[in-house]
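S.K.: Have a look at this one before I ask anything.
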Protein chains: 2
Amino acid sequence: MKKIVLIVMDGLGDRPIASLGNRTPLQAAFRPGLNTMARDGITGLMFPVSQGIRSGSDTSHLSILGYDTVKVYTGRGPFEAMGLGMDVRKGDVAFRANFASRSKDGKIEDRRAGRLSENTEEICSAISMVLDGVQFTVKPGVEHRAALVMHGPGLSEKVTDSDPHETGLPPREVKPMDSNASRTAELLNRYLSKVREILDKHPFNVKRSGKGEPPANELLIRGAGKAPEIEDFNQKYGMKGACVVGIPMIAGICSLAGMDVIKAPGVTGRVDSDYESKIRTAISALRDHDFVLVNVKGPDIAGHDRNPELKRDVIEKADQAFRQLLGLKGEVVVAVTGDHSTPCTYGDHSGDPVPLLIYAGGNRIDPSERFDEVSCVSGSLRIQSGDLMQYLMNVSDRAEKYGA
Amino acid sequence: MKKIVLIVMDGLGDRPIASLGNRTPLQAAFRPGLNTMARDGITGLMFPVSQGIRSGSDTSHLSILGYDTVKVYTGRGPFEAMGLGMDVRKGDVAFRANFASRSKDGKIEDRRAGRLSENTEEICSAISMVLDGVQFTVKPGVEHRAALVMHGPGLSEKVTDSDPHETGLPPREVKPMDSNASRTAELLNRYLSKVREILDKHPFNVKRSGKGEPPANELLIRGAGKAPEIEDFNQKYGMKGACVVGIPMIAGICSLAGMDVIKAPGVTGRVDSDYESKIRTAISALRDHDFVLVNVKGPDIAGHDRNPELKRDVIEKADQAFRQLLGLKGEVVVAVTGDHSTPCTYGDHSGDPVPLLIYAGGNRIDPSERFDEVSCVSGSLRIQSGDLMQYLMNVSDRAEKYGA
């Protein structure tokens with residue numbers, strides 16, 4: 001029975017880049033660590049969630065961990081909130097939110113309040129409050145974006161948006177979609193009118209008006225969702241699980257799954273993250289865990305920035321750190337893959353498959369010799385992300401027998 | 001329209017073996033027959049049941065024949081009984097059973113009666129009986145193991161185990177899990193108390209007590225299951241099906257599916273089986289059948305014995321027999337695969353994929369040129385076992401059109 005390290009290189013997959021000689025950033029990277037593992041293991045292509053699906057990091061990580069996204073992915077709200085580092089617990093209801101500009105006649109003039117360039121931390125704090133025993137917490141996202149989390153007993157996510165989704169209309173009253181949601185809707189309407197009072201006279205907006213900028217005097221909420229109920233990872237697989245990840249949303253998912261979230265020194269979730277530290281921490285975590293998930297966010301950031309050279313460089317930096325894993329294959333199964341592709345030519349997630357390698361002593365070795373989107377085509381596997389855990393359970397000699 | 005011979009080499013897949021130069025037993029075997037079929041056909045990898053699943057021979061054969069194991073595999077009891085060569089028919093209820101030692105105070109002291117080394121045929125016969133029109137039949141398995149089959153009208157498998165699953169407790173009363181099972185539970189309790197009477201004073205146990213050995217005076221039953229209701233193979237596929245197999249469990253499954261079970265002279269289900277006779281018999285069966293399933297058990301036995309040289313040798317012997325099939329491809333589709341891997345380094349079934357070849361005149365030929373776990377990676381197919389029959393129906397020009 002072996003332990004398992006699963007490395008997810010976020011947004012790893014790419015398409016041919018002219019400036020890299022029509023190679024992908026992964027093909028262009030100097031990657032002796034990954035290539036050694038590919039040569040001494042098996043490779044293939046993995047389809048995140050399903051073939052051609054442009055999955056998010058949230059849906060893809062849920063699927064990679066073996067959870068059925070159709071069942072557990074109940075709305076973006078909770079995942080956006082986790083992505084902002086907010087604590088979202090069982091029973092909480094979360095929303096995506098925008099700061100918007102409401103005119104004197106009560107109609108929305110600008111759904112993005114002029115794409116706010118200032119930090120909204122100050123007004124988010126001002127509108128976080130307790131109302132009737134329910135904690136309302138707002139945290140800022142990028143520009144006009146934010147998230148709202150409601151924490152308290154008996155909440156329901158079956159409520160409509162206050163966001164009218166177009167300008168020239170007043171914010172909508174929040175309505176319950178079933179009878180259990182009446183109190184939640186009523187609370188939200190009371191909360192949002194308090195928010196209007198606070199924002200209308202807040203110095204942040206007084207200052208903006210003085211400069212002739214549209215005020216951020218309305219919080220439009222949408223996409224209500226409850227924190228997903230995820231089967232406990234440790235029970236599901238009979239393994240004690242941990243994660244070493246720099247991005248709050250993935251840490252949030254792992255935490256909901258009952259895995260230990262381990263912080264590594266110098267890990268930032270940005271391209272300047274200390275990958276050596278991340279891998280060293282993951283290896284240490286194997287002392288008292290059976291399974292460690294590592295997420296390396298850099299390639300995704302470079303993909304969104306349409307910067308193939310940066311993507312190549314962060315992959316090279318990660319490869320250097322991964323070489324710490326080469327000595328472990330007698331006792332540890334190492335798997336490396338992506339959660340989705342983020343082609344630099346596209347600047348967003350695509351549904352292209354991602355390369356996958358599984359490096360485990362005593363297991364099969366297939367003819368593929370390098371780790372990239374093209375070389376892995378000659379590998380053994382064509383696998384959906386939802387089957388990966390099962391496959392790793394097999395190569396680590398942990399799977400239960402089905403039948404006689 | 002062609003006829004089909006499907007050869008399942010039991011436990012065929014393996015992992016690299018140091019003593020065979022890091023090749024698998026299949027790679028190490030001289031196998032001109034299999035390689036010729038691979039070269040002149042298409043190959044690939046098959047995932048028994050699903051990717052990474054460590055399937056049994058029962059679940060895997062059901063899936064290979066196109067039955068959904070989630071629906072038809074209702075418990076191990078009936079398959080264990082079929083594995084012991086017992087006749088299990090529609091409506092029968094079967095159990096896995098252990099001979100155990102019960103002390104004077106009625107508690108189970110040893111759930112395995114000292115792992116009985118003697119044959120229990122004698123006591124199994126003594127406790128087989130008819131009670132209230134229901135036939136109770138017990139047959140011995142390995143050591144302390146046995147199986148119990150109840151045959152009669154109105155039986156239900158919704159009953160609890162008598163096995164307390166730990167020592168120091170008395171055998172449990174069998175309880176009905178729903179109201180339709182009351183009579184079955186009541187009959188079982190009456191049967192088990194008769195069994196106690198018989199076993200307590202049976203010469204087999206008197207002799208054991210004389211030698212100071214723990215008595216086999218309790219039959220603990222568990223894992224009740226009804227013979228699965230399997231859709232008739234001949235109707236499902238519009239083909240008259242037969243099997244030539246040496247192992248009772250697979251014969252039992254084929255028989256439940258309405259296929260003809262054909263015995264070949266010299267076939268034993270062991271490594272000394274006469275494969276030439278088996279293939280000759282399968283070819284003869286094509287006279288009046290459209291589909292013949294052949295199971296070659298030897299590789300699995302060698303895998304469980306952790307004997308890679310033996311596994312290589314039985315594969316060589318089988319390959320010799322398979323060469324009888326080389327002349328048939330104009331009229332017959334030949335497919336060869338495994339039901340699961342049984343790596344010699346692991347000694348049990350693993351979830352690694354198995355190689356697959358399909359050799360059929362007039363069909364496509366892909367670049368793969370040899371038949372083994374590694375060479376077939378360059379073949380066309382990555383297929384789940386449940387899709388194999390459909391694929392074979394296609395290459396034999398038997399499939400129905402879906403749509404216009």
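What follows draws every value from the coordinates through simple rules; no lab data is involved. Values in this document were obtained by computation on a predicted structure and should not be read as measured data. Ideal geometry is used to build each Cβ from the backbone, glycine not excepted, and the neighbour counts take in all protein chains shown.
S.K.: Connecting C-alpha atoms closer than 10 Å in a GNM of chain B, tell me which of B:122, B:157, B:369 has the biggest fluctuation.
M.R.: B:122
S.K.: A further question follows. What value does segment B:1-113 have for Rg/Rh, both radii from Cα atoms and Rh as Kirkwood defines it?
M.R.: Using only Cα positions, Rg/Rh for segment B:1-113 is 1.12.
S.K.: Less than 13 Å from a label point 7 Å out along the Cα-to-Cβ axis of residue B:142: which backbone N atoms in segment B:273-303 qualify, by residue?
M.R.: B:300-303
S.K.: From the residues A:390, A:375, A:356, which one has its Cα farthest along the dipole of segment A:352-402 in the positive direction, the dipole being from +1 and -1 charges on Cβ of Lys/Arg and Asp/Glu about the Cα centre?
M.R.: With unit charges placed on the Cβ atoms, the residue in question is A:390.
S.K.: How many nm is it between the label spots at residue A:331 and residue A:207, if each spot is 7 Å from the Cα in line with the beta carbon?
M.R.: The modelled label-to-label distance comes out at 5.5 nm.
S.K.: Rank B:262, B:198, B:221 by mean-square fluctuation in a GNM of chain B with C-alpha springs under 10 angstrom and give only the top-ranked residue.
M.R.: Fluctuation is largest for B:198.
S.K.: Related question: Using the 4.7 Å Cβ rule, please list in number order the cysteines from chain B without any candidate partner.
M.R.: That list is B:124, B:344, B:376.
S.K.: Continuing with the same structure: Quick one: grab the alpha carbon gyration tensor of chain B, order the square roots of its eigenvalues as a ≥ b ≥ c, and give me rounded if a/c is under 1.5, else prolate or oblate depending on whether a/b is larger than b/c.
M.R.: Values: a/c = 2.41, a/b = 1.76, b/c = 1.37.
The shape class here is prolate.
S.K.: Shifting gears a bit: Using only Cα atoms, figure out Rg for segment B:300-375 and give it as a multiple of 2.2 N^0.38 Å.
M.R.: Its radius of gyration relative to the 2.2 N^0.38 Å reference: 1.24.
S.K.: Past 24 Å, Cα to Cα: identify those pairs from A:401/B:175; A:236/B:90; A:278/A:311; A:240/A:311; A:240/A:317, in the order given.
M.R.: Violating the 24 Å Cα-Cα cut-off are A:401/B:175; A:236/B:90; A:240/A:311; A:240/A:317.
S.K.: Using a 10 Å cut-off around each Cβ of peptide A:389-402, what is the average number of partner chain Cβ atoms that fall inside?
M.R.: That average works out to 6.
S.K.: At 7 Å along Cα-to-Cβ for each site, give me the label-to-label distance between residue B:305 and residue B:397 in nm.
M.R.: Distance between the two pseudo-spin positions: 4.4 nm.
S.K.: Restricting to Cα pairs below 8 Å that are 6+ residues apart, what does the relative contact order work out to for chain B? Please round to a whole percent. All intermediate terms of the calculation are to be shown ahead of the outcome.
M.R.: Values: 988 pairs, mean separation 134.6, N = 404.
With pairs under 8 Å counted, the relative contact order is 33 percent.
S.K.: Would you list, by chain and number, the aspartates and glutamates whose Cα falls below 14 Å from the Cα of residue A:207, excluding same-chain residues fewer than 8 positions away?
M.R.: Straight-distance partners of residue A:207: A:118, A:122.
S.K.: Using a Förster distance of 56 Å, how high is the FRET efficiency between residue A:404 and residue A:119, based on the Cβ-Cβ distance and rounded to 0.05?
M.R.: Taking R0 as 56 Å, the efficiency between residue A:404 and residue A:119 is 0.35.
S.K.: Related question: Distance from the Cα centre of segment B:349-404 to that of segment B:12-46, in angstrom?
M.R.: Answer, in whole Å: 16.
S.K.: Assuming R0 = 35 Å, what is the FRET efficiency of residue B:323 and residue B:74, from their Cβ-Cβ distance, to the nearest 0.05?
M.R.: Here the calculated transfer efficiency is 0.30.
S.K.: Would you calculate the volume per residue, in Å³, of the smallest convex hull containing every Cα atom of segment A:203-243?
M.R.: Details: hull volume 6.0 nm³, N = 41.
Convex hull of Cα atoms, per residue: 147 Å³.
S.K.: Which aspartates and glutamates does residue A:211 reach when only Cα atoms under 12 Å apart count, and residues fewer than 8 places away in its own chain are ignored?
M.R.: none
S.K.: Using the Cα centre of segment B:121-197 as the reference point, and only Cβ charges (+1 on K/R, -1 on D/E), how large is the resulting charge dipole? Debye, rounded to the nearest 20. List each step's numbers first, then the result.
M.R.: Working: 9 positive and 12 negative charges, 35 e Å.
Roughly 160 debye for segment B:121-197.
S.K.: Additional query: Apply the Debye scattering formula to segment A:78-225, with a single equal point scatterer on each alpha-carbon and no solvent, then give log10 I(q)/I(0) at q = 0.12 Å⁻¹.
M.R.: Result of the Debye calculation: -0.44.
S.K.: Please list the radius of gyration and Dmax for the protein assembly as shown, considering alpha-carbon atoms only, with Å as the unit.
M.R.: Calculated on Cα positions, Rg and Dmax stand at 31.9, 105 Å.
S.K.: Here's another thing I want to ask about it. Along the positive direction of the dipole of segment B:55-156 (beta-carbon charges: Lys, Arg +1; Asp, Glu -1; about the Cα centre), which of B:73, B:88, B:131 reaches farthest?
M.R.: Of the candidates, B:73 comes out farthest on the positive side.
S.K.: Moving on to the next point. Here are some pairs, B:107/B:194; A:158/A:226; A:104/A:201; which of them have Cα atoms lying more than 21 Å apart in this structure?
M.R.: In this structure, not one pair exceeds 21 Å between Cα atoms.
S.K.: Within straight cross-link reach of residue B:329, meaning Cα distance under 18 Å, which lysines are found once same-chain residues fewer than 8 apart are removed?
M.R.: List returned: B:2, B:3.
S.K.: Using unit Cβ charges (K, R positive; D, E negative) and no other charged atoms, how large, in debye to the nearest 20, is the dipole of chain B about its Cα centre? Before the final figure, lay out the partial values.
M.R.: Details: 52 positive and 53 negative charges, 38 e Å.
The dipole magnitude comes to about 180 debye.
S.K.: Picking from B:374, B:244, B:49, which is most flexible by a Gaussian network model of chain B using Cα springs under 10 Å?
M.R.: Top of the fluctuation ranking is B:374.
S.K.: Okay, next question. What are the GluC sites (Glu not before Pro) within segment B:248-338 that DSSP puts in a loop, where the Cβ has at most 16 other Cβ atoms within 10 Å?
M.R.: On the way: sites: B:276, B:309, B:316, B:331; in loops: B:331.
Within segment B:248-338, the qualifying GluC sites (Glu not before Pro) (loop, at most 16 other Cβ atoms within 10 Å) are B:331.
S.K.: Find how much the distance from residue A:348 to residue A:87 grows on full extension, using 0.36 nm per residue of separation minus their present alpha carbon separation; answer in nm with one decimal.
M.R.: 91.3 nm
S.K.: Return the loop-located trypsin sites (Lys or Arg not before Pro) in segment A:91-163 (DSSP other than H, G, I, E, B) with at most 10 other Cβ atoms within 10 Å of their own Cβ; answer none if there are none. It would help to have the intermediate numbers written out before the result.
M.R.: On the way: sites: A:96, A:102, A:104, A:107, A:111, A:112, A:115, A:145, A:158; in loops: A:104, A:107, A:111, A:112, A:115, A:158.
Answer in residue order: A:104.
S.K.: If R0 is 35 Å, what FRET efficiency do you get for residue A:377 and residue B:18 from their C-beta distance, rounded to 0.05?
M.R.: Details: r = 30 Å, r/R0 = 0.84.
My answer for the efficiency is 0.75.
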